[in-house]
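Only one structure is covered here, and it is reproduced in the block below.
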Amino acid sequence: MQKFGTFLSGMIMPNIAAFIAWGIITALFIEKGPFPVGGLGGFGENEAGAPNIGLVGPMIRFMLPLLIAAQGGRMVYGVRGAVVAVVATMGVIVSTDQPMFLGALIMAPLAAWVMKQIDKLWDGKIKPGFEMLVNNFSAGIVAAALAVVGFFAFGPVVEAVSRALGNGVDWLVDNGVLPIASILIEPAKVLFLNNAINHGVLTPLGVQQAAETGKSILFLLEANPGPGLGVLLAYMLFGTGMARSTAPGAAIIHFFGGIHEIYFPFVLMKPILLLGMIAGGMVGIGTLVVFDAGLRAPAAPGSIIAVLAQTPGDSFVGVILSVLLAAATSFAICSLLLKLDRKKGGDLGEATAEMEAMKGKRSSVAGYLSPTDEAQEDQLEAAGLAHPGTHAGARKPIHRIAFACDAGMGSSAMGASVLRNKIKKAGFTDVEVQNVAIANLTDDVDLVVTHQDLTPRARTMSPSAEHVSVDNFMNSPQYDGIVEELKTTNAQGSSSSR
């Protein structure tokens with residue numbers, strides 16, 4: 001389920017900026033917005049007397065699903081898969097008037113996979129000079145066939161599922177029981193199923209709801225930073241040891257940076273605190289229901305800044321109270337639970353390691369919660385992870401380094417930034433450090449850095465590269481080893497070239 005959630009989020013997260021752009025255009029230029037413009041908002045008539053199409057409708061119906069489709073196809077089968085996925089998804093889109101986000105999430109990877117399997121049938125059997133002809137016509141025929149299949153068979157099914165899910169949410173809201181969703185959402189967040197829930201279900205449904213009403217409560221069911229803030233505040237006052245000393249910084253990263261995973265180890269250390277999380281989530285959702293509040297687009301990351309930026313004018317009171325009351329409820333209950341258990345708390349390092357094991361990769365911010373470099377080095381040696389500088393065999397010069405994680409964003413981006421600064425300080429200006437999603441990793445890089453749990457998969461994607469495994473993206477002793485290796489390999493490369 002975690003891998004499935006990672007795949008779904010990998011399709012949507014790179015396109016979050018497009019969702020935000022759509023939300024801004026919708027908020028500003030629709031008929032009820034502060035700057036109504038018919039040509040942009042899609043209301044009224046143009047000079048020729050025809051209805052204005054605008055940007056809002058086409059963006060949500062065509063652009064956003066097709067962006068998701070392109071990313072999904074690319075993750076499965078590169079650019080070729082992306083092209084086939086977009087064409088196939090277009091058939092699903094035009095089969096109904098509803099925004100087909102769920103259709104894109106399903107049809108895109110399926111279409112790319114079908115194309116990949118068909119290509120295998122004649123791999124190596126095409127006569128020289130006919131490769132381009134066969135490749136283009138095969139992709140065109142498969143894409144056209146899948147678009148037709150999607151129109152007649154796939155679209156109606158997805159529309160029915162989407163309508164059923166939407167009706168289910170409406171029923172929960174109408175009957176005042178939507179807050180019980182926190183019983184599933186809050187534990188799922190700690191178990192790293194939050195991406196599957198938020199980006200796989202809530203965001204597509206929320207976008208459809210926002211297109212009809214201008215806002216949706218669904219965008220804030222998972223993204224509300226209040227419950228997590230309450231837990232960290234409780235640790236600041238009633239925690240012990242490392243947990244208490246690291247909680248203030250974690251609270252800042254969580255609340256303002258929007259990286260919720262930093263508080264997960266605090267909950268895993270004392271799972272009973274889930275009671276406070278669930279209660280805080282229920283109060284937050286209940287507040288949104290009472291004030292009929294919501295966001296106009298996804299808040300990603302779940303920072304209070306992003307939340308307020310996506311809050312429409314008539315929802316500020318409800319949204320702000322939702323965050324504050326959720327934090328207060330979570331703080332009160334977690335404080336009581338911590339005070340009742342004043343004995344030595346669980347080990348934060350162990351809880352962080354447990355979080356890493358469940359997530360399947362290194363957290364982008366867990367370095368803040370991890371042991372010192374010395375302790376990390378001991379852990380690396382105990383795990384049998386060789387220092388990059390001690391690898392046997394001659395090394396070629398290193399000019400391209402890739403940090404790879406599931407989505408190619410948080411963890412890898414922060415790790416790449418740390419190493420990039422170290423390399424610049426060492427004076428290597430010809431070394432490029434980039435962060436990528438592991439699904440987009442190619443074999444044209446010289447060195448790949450991944451979390452130790454992802455290294456086997458990375459080796460299959462980049463078999464020619466040198467691979468370095470780390471367990472701490474933010475503060476790994478391996479980075480110093482990489483710099484030392486550059487001093488050896490790149491210096492040798494320079495001297496040999498001269």
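The values are calculated or read from the model by the stated rules, or taken from the named source; none is laboratory data. These figures come from a predicted structure and were not determined experimentally. Glycine gets a Cβ as well: all are built from the backbone with ideal geometry, and neighbour counts include every protein chain shown.
Remarks
Okay, residues lined up against (1) more than 13 Å from PRO204 (Cβ to Cβ); (2) crowded, with 18+ Cβ neighbours inside 10 Å; (3) in contact with a Lys or Arg (Cβ under 8 Å, 6 or more places away or on another chain):
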| residue | (1), (2), (3) |
| --- | --- |
| LEU105 | no, yes, no |
| MET115 | yes, yes, yes |
| PRO128 | yes, no, no |
| ALA147 | yes, yes, no |
| PHE152 | yes, no, no |
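- Some residue of segment 426-438 being in a helix (DSSP H, G or I) and buried (at least 18 other Cβ atoms within 10 Å of the Cβ): yes
- Pair list, Cβ < 7 Å and 6+ apart or interchain, from segment 231-243 residues that are over 13 Å from LYS339 (Cα atoms) and among the small types (Gly, Ala, Ser) to residues that are buried (at least 24 other Cβ atoms within 10 Å of the Cβ) and modelled with pLDDT of 90 or more: ALA243/TYR235
- Members of segment 157-192 that are under 23 Å from the mean Cα position of the chain (by Cα), more than 19 Å from PHE101 (Cβ to Cβ), among the hydrophobic types (A, V, I, L, M, F, W, C) and at pLDDT below 80: ALA188, VAL190, LEU191, PHE192
- Filter result for ALA112 (at pLDDT 80 or above, in contact with a Phe, Trp or Tyr (Cβ under 7 Å, 6 or more places away or on another chain) and either within 19 Å of PHE19 (Cα to Cα) or in the same structural domain as GLY78 (by TED's automatic domain parsing) (or both)): yes
- Against the test of being part of a helix (DSSP H, G or I), over 19 Å from PHE19 (Cα atoms) and without any contact (Cβ under 8 Å) to a residue 24 or more places away in the chain, the options ILE285, ILE320 yield a single qualifying residue, ILE320.
- Unmet criterion (only one of (1) in a helix (DSSP H, G or I); (2) within 30 Å of VAL289 (Cβ to Cβ)) for MET75: (2)
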